[in-house]
1. Amide H to amide H, which residues 5 or more places from A:THR89 or on other chains are under 5 Å from it, using H placed in the peptide plane?
2. Starting from the amide H of A:LEU249, placed 1.01 Å from N in the peptide plane, find each other amide H under 5 Å away whose residue is 5 or more places distant or on another chain.
3. Between the stretch B:37-76 and the stretch B:232-252, what's the alpha-carbon centroid distance in Å?
4. If the elastic network links every pair of Cα atoms under 10 Å, which of B:GLY218, B:GLY143, B:GLY64 fluctuates the most in the Gaussian network model of chain B?
5. Using only helices, what value at 222 nm comes out for chain B when you add -39,500 (n - 2.57) per DSSP H run of length 4 or more and divide by the total residues, to the nearest 500 deg cm²/dmol?
6. When every alpha-carbon pair in chain B is counted, what percent end up more than 26 Å apart?
7. Name the residues whose placed amide hydrogens come within less than 5 Å of the amide hydrogen of A:LEU78, ignoring near sequence neighbours (fewer than 5 apart) on the same chain.
8. The stretch B:12-80: percent of C-alpha pairs farther apart than 18 Å?
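Derivation of every value follows stated rules applied to the coordinates shown; laboratory data play no part. Just so we're clear, the structure is a prediction, and the values are computed from it rather than from any experiment. Please note: Cβ atoms are built from the backbone with ideal geometry, for glycine as well, and neighbour counts cover all protein chains shown.
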Amino acid sequence: MITVENLTKQYGNRTVVDDVSFTLEAGTVTGFLGPNGAGKTTTMRMMTGLVPATSGTATVDGRPYTELPNPGAVVGTLIDASAVHPGRTGRTHLRLLADTIGVPASRVDEVLELVGLADAAKRRVGGYSLGMRQRLGIAGALLADPPVLIFDEPANGLDPEGIRWMRDLLRGHAARGGTVLLSSHLLGEVEHTVDRLLVIGAGRIVADGQVSELLGSDGTSVTAVDLAGLTRVLQGAGFHVQHGPDGALVVEGAEPAVVGALAASAGIALTDLRPLQRGLEDLFFQLTAAA
Amino acid sequence: MTTTIARPTPAPAAAPRPTVRRTGPSLPTLVGIEMRKSLSTRSGKAMAVAAVLLGPAATAVVAGASTEPLATVTGPIAVMGLLTGYLLIALGVLSTAGEWAHRTVQTTYLLVPHRGRVLATKTVAVALMGAVLGAVSTALTSGVLAVMVDGASWDGAGRAMVVAVVAGAAFAVVGAGTGAAFANTPAALTSLYLVLLGVIPLVSGFKPEIAEKVDPAGAVLNLGQGEQTTQSVLILVGWVVVPAVAGWVLTHRRAAQ
């Protein structure tokens, strides 16, 4: 379990991370969202000891990252995929990491196969594309199959198939009891990958909750064969009805079960009935603009 | 050029975890890894090869072109040891500043968060490489002298060879400390070579009594010929310690990003 308490980072008079607190539980994928410069990467760097915090703490199973006996065995980190010497081959780079962490050399071949770089392993990293470097970084983070993964913008440079592969990888990791924290600008990708959202704006956490809680809103979207008739029935029951996108009716303050029951009582056939959900993009801009 | 990238393999549903060492790497393991880091790049390999071959090559050229008889081999051995040391400075700088230049220092600190431990192992690693490369170079230089030079005295040659090896290690450590302090390869190299090859020789022209108290080149040559031993050792120790301390302090204060 990762616990961050009152983490703050100041550079002179500028506060880039302001009293951030959250806890990451095992078996979850948490998305860390925020605009450029919001403090996501700085928070991750403080969590992993790369940047000293001005105040506050970040612990992994109760211990600061720097006090873990073998951090690479516990936390797999991808913060800067381009932080690889271009003169080394992919295999050499991973072998050095593997020997530092203390995993067998055979594990290098396994992760290269896993990320699809086995054929490029003998080539110098300087000749890799952005996506290949990203995969190499993911491979390095997975060498010890650590319980915790901290990934900063892991989908950078990946094609749609690669993004789907990474999503399955992270969700599978959480399903096996692992803990995943990933930051991303790709809102659509995050929405399909994570269970929980942490939204940061101007250094402060502005939202923290399950995706369904944050995106759900009080209302129902419904389409029917007889929209006019359904509208009269719903308005007669005291609900405010608006016409939404794609010809649907948006009924604020109404549960889908209630709308369905009213339609059934009036003998109106429904073609679609669902809870009203905000888009992640709308939520993102609403929260970060307020920050 | 078209590159076909293999598609990633779907992760196995419940593959067993790999065997992982529970503790961090031991110091000998880290030293070995740091040595492999230095020699795993083309620049590092080129630097090592150049450090080995410069001395004997220069000796062969000078021996072949010189018409004057050589009285003793201690001077040439010490001089070539010094030249090799100048090259080994770059190896040391690359081992520390090079990590900041390529941002690989982030990965290093993620796996070994104790920066003092990392710097200490890098120091030991470059010292060992400097000593080994210096020893190989000195042996080759001595071989060239033995083959190409007749009549020279070999009295004191053993001492000169030891000094050349020590100089290799010392200069490599000077480079590592300076590289750690600057965290910038060009700045570290330029500063060191400017001081060693520009400022000190310039000062020796105006204030030789000051220059001889700080010049590591003079210290190496004097040690190689068995002269001013105490002062020469102190000068070399100072050159090793001051950058190392500066590197230690600044490395601990610098954010890795």
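1. A:VAL125
2. HN-HN under 5 Å from A:LEU249: A:VAL222, A:THR223, A:GLY244.
3. Between the Cα centre of the stretch B:37-76 and that of the stretch B:232-252, the gap is 27 Å.
4. B:GLY64
5. Calculated mean residue ellipticity at 222 nm is -25000 deg cm²/dmol.
6. 47 percent
7. The list, which skips near neighbours in sequence, is A:ILE150, A:PHE151, A:ASP152.
8. Above the 18 Å cut-off, the stretch B:12-80 has 66 percent of its Cα pairs.
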